[in-house]
Structures are given as C-alpha cells and as structure tokens.
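The values are calculated or read from the model by the stated rules, or taken from the named source; none is laboratory data. Computed from a predicted model, the values in this text were never measured in an experiment. Methodologically, a virtual Cβ is constructed for each residue, glycine included, from the backbone with ideal geometry; neighbour enumeration extends over all protein chains shown. Quick note on the areas: whole protein, heavy atoms, side chains included, nothing else; ligands and nucleic acids left out. Shrake-Rupley method; radii C 1.70, N 1.55, O 1.52, S 1.80 Å.
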Amino acid sequence: MSILEMKVPSPGESITEVEIATWLVKDGDYVQKDQPIAEVDSDKATLELPAEESGIITLKAEEGDVVQVGQVVCLIDMAAAKPEGAAPAAEAPKQEEAKAAEPAKVEAPKPAPAAPQSYATGTPSPAAKKILDEKGIDAAQVSGSGRDGRISKSDAELAAVPAMGGNSLTATGARSTTTTKLSVLRRKIAQRLVSVKNETAMLTTFNEVDMSEIFRLRKQYKEEFAQKHGVGLGFMSFFTKAVTRALQMYPDVNASIDGDFKINYDFCDISIAVSGPKGLMVPVLRNAENMSFANVEGNIKDLAIKVRDGKITVDEMTGGTFTITNGGTFGSMLSTPIINPPQSAILGMHNIIQRPVAVDGQVVIRPMMYVAMSYDHRIIDGKESVGFLVAVKEGIDNPVEILLGGDERKGLGL
C-alpha cells in the first residue's frame, strides 16, 4: 500500500492524548523520512513528530487539535515522486509566451463606481453600535477611524468604559489585548499546582546558608575541575549532595502518600526544576546519592540543554522523590515553592546577597542565601522538616567536612 497512515505514538506511560502545537510542514509538501513534521504537546513535555516515510503529506489535524494516542494525524503518499525544484520556474516563461501569442481582448468600458455613502461624523456601524450599547458608552465619546469619522467595530471594541467620575477620553496609547490558548503542558501544570494547594497540608520552613566556603572552593578549583571533568563546578552539585545527605538522615522527607499508605524510597531521585521555552520542566537525576560532583554537574548540564532544545523525554521527567528549584537565578530573594506531586517536599534556593552577619561576636560581611522548604504536613512533622533544612544548611556552611569528607581535592575528584 502506497499510502501510509501516520498515527500519534505514545509519548510515555499514562499519556492518552496530545495537542498538535505546530505543523512544521504544509499540506501537500514532500517530506523526507525522519524529518520533523510537527511539534506535539503532552501534559509533561513538548515532543517532535518525525515522518515515518518519504512522500507527499496530507494533514488530517489542525494546529490546536487534541488528538488521542493512536489517532491518524496525517497521510504520506509514498508512491509520489519528489518534485523537481526547477520545474515550476521553467513553466513560467511558457505561460507568458502563450499569453503573448493570444490576440488582445478589448474589454467593454466598466461603469463608474457609485459614490461611497457618506456618514455623519461619529456615526457607529450597526456592529459598533451594538458593542457600544453593551458597554454603556456614548458614541459621542468615541473617535471613529472610518470614512468621514465613522465608528467601526474595532473602534467600539477598543473604547474604554468610563471610570467613575471620569471619561474614556482620558485614555491614551494602545489598549489592545491578545488572547492565546494555553498549551496542554501549561494547562496541566496549572491543574497540578491547584491540586497541590487543595489536596496537601503544605507548610514552608525557612533558613539561611553561608555561601563563603562554596565561593572559595569554586574560585580555587574551578579551572582544574573544568579541565579534568569537562564541566563547570556550580552551586547545584553542592545543594544536590547536601539534599541527598539530609534525605538519608530524614527518610520521611523522602516519601510520598498513596491513599492510606506511605511509601518510603531507599534511593534519592532528585528533580531539578529547569525553565524552558515551553514552561517549567523537572528532569530527574536518578540515584543522585551515588553521584560524584562531576556526575551531578554533567547530568544537570545535559538535561538543561535538552529542555532548552525541546529534546527532553517524558521518561527523563518521570518519577523523582524530591525537587530542588532555584528562583535565585531570576533574582528572587525569598519564596514559598509549591510541592511537585506526588512528592512530599521541595527545596527553594534564592539569590545570594552580601549581608552583615554576626560571627564569633563580630559583624562580618558574608554571601548569604535564604532557603525555603515546603513540605506536606500529613506525613512530615515540624521536627523532621526543620531538622532536614538544618542538615542542608550544615552541608552548605561546611562543605569540606560534611560533603567532601574532609579532603576537598579528593572530594571534588581532583
């Protein structure tokens, strides 16, 4: 059979439908096998849909359509020959010659167009009048942009309702609005965030960490670390290692609720929140408790690039037992992060500010960061949440002894 029916493949377990975000080809185009022909949004990621064979494509779904996994979205005529790019251009001169060979036609004179109907200045069109009446706006207060000052439908739509004690003539500048449909991913994120607020007993506890030692380590070893491991020494590896240590100390934080049961995990799969073109993604570092600093940095870099390029897969974002999010990259000083379900806790990092602090009775200037931990109080008590965040603080304040085993070079893999 020369006609191939292309069906929506399953992006991952539990996903039953996707939305056609963008067609990358037009109806009737010739496509090559494995050429990306569309971008589809699921509730977890945006994925590219490659052509399964070469041929002429016929689209069976529109942009914005929600289609089921397994549904036919396009046809590919595999028997169709690839069109020659120069063929259309070669035909053009022949058409022009044929036209030139035809005898000239004498057209009858056309009647003069009727004079356009004029309207009194400020007269609204029927559609504009309906809109103005619904808004309760006097047509005399609206400046028309049509012929002879006539008020068009768009003029009426842009007209502002007078404020109490004022009038619409005080508004200046453009007042247009744009309405766009939320993507499947953004709608799913919205649903999940609202469900977390409604279905969990979420509380947040705060602390602050001194970044002085991490600053020193990065300054001293950043070049040697990059040369040996091929990746930079960032903040995330320190926080990830501090979190995995704290999760092992407080196992109830590394747990989730399933109905009437609590599930504890003996592994630390850390979700790292990454901002991408399509929204916030949370790729997962599997068994982060066994990773070296270089492994953490390398994996985070690879996952961040995939998110940026839209290459992240559903499997790479599925699971996770705890999440770290860094609002400090955007300048946030303090926030209350929302739990990433079905997890029970999340750590929020923030910006680093030089602040005066008391050390051994002396006021000194240190690079300080506020950290916040939001947790589900249904399974995590205040004692565990505070103890967990203090354990993270200990690891960041004193990374050499607590995270690097007392030997900073060996701990960094140098």
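Restricting the first residue to segment 62-86 and requiring it to be within 14 Å of Lys33 (Cβ to Cβ) and surrounded by 11 or more Cβ atoms within 10 Å (Cβ to Cβ), which pairs with a second residue that is polar (S, T, N, Q) and at pLDDT below 85 meet a Cβ separation below 9 Å and a spacing of at least six or different chains?
The qualifying pairs are Asp77/Ser2; Met78/Ser2; Ala80/Ser2.
Can you pull out every residue in segment 183-193 that is open to solvent by 90 Å² or more (accessible area, probe 1.4 Å) and at pLDDT below 75?
Hit for segment 183-193 is Arg186, nothing else.
Would you point out the residue of segment 283-310, among those that are of a type in the set (Asp, Glu) and farther than 30 Å from Ala21 by Cα, that is most open to solvent (accessible area, probe 1.4 Å)?
The qualifying residue most open to solvent (accessible area, probe 1.4 Å) is Glu289.
Right, Thr329: open to solvent by 60 Å² or more (accessible area, probe 1.4 Å), of a type in the set (Ser, Thr, Tyr) and free of Cβ contacts under 8 Å to residues at least 60 places away in the same chain or not?
Yes.
Can you name the residue in segment 219-264 that is surrounded by fewer than 16 Cβ atoms within 10 Å (Cβ to Cβ) and touching a strand residue (DSSP E or B) at 6+ places or on another chain (Cβ under 9 Å) and is also nearest to Leu347 (Cα to Cα) among such residues?
This residue is Pro251.
Answer yes or no: is there a residue in segment 353-371 that is in contact (Cβ under 8 Å) with a residue 40 or more places away in the chain and either assigned to a loop (DSSP other than H, G, I, E, B) or closer than 26 Å to Arg192 by Cβ (or both).
yes
Sort through Ala89, Ala108 and tell me the only one that's farther than 30 Å from Leu158 by Cα, outside any loop (DSSP other than H, G, I, E, B) and at pLDDT below 85.
Every option except Ala89 fails the conditions.
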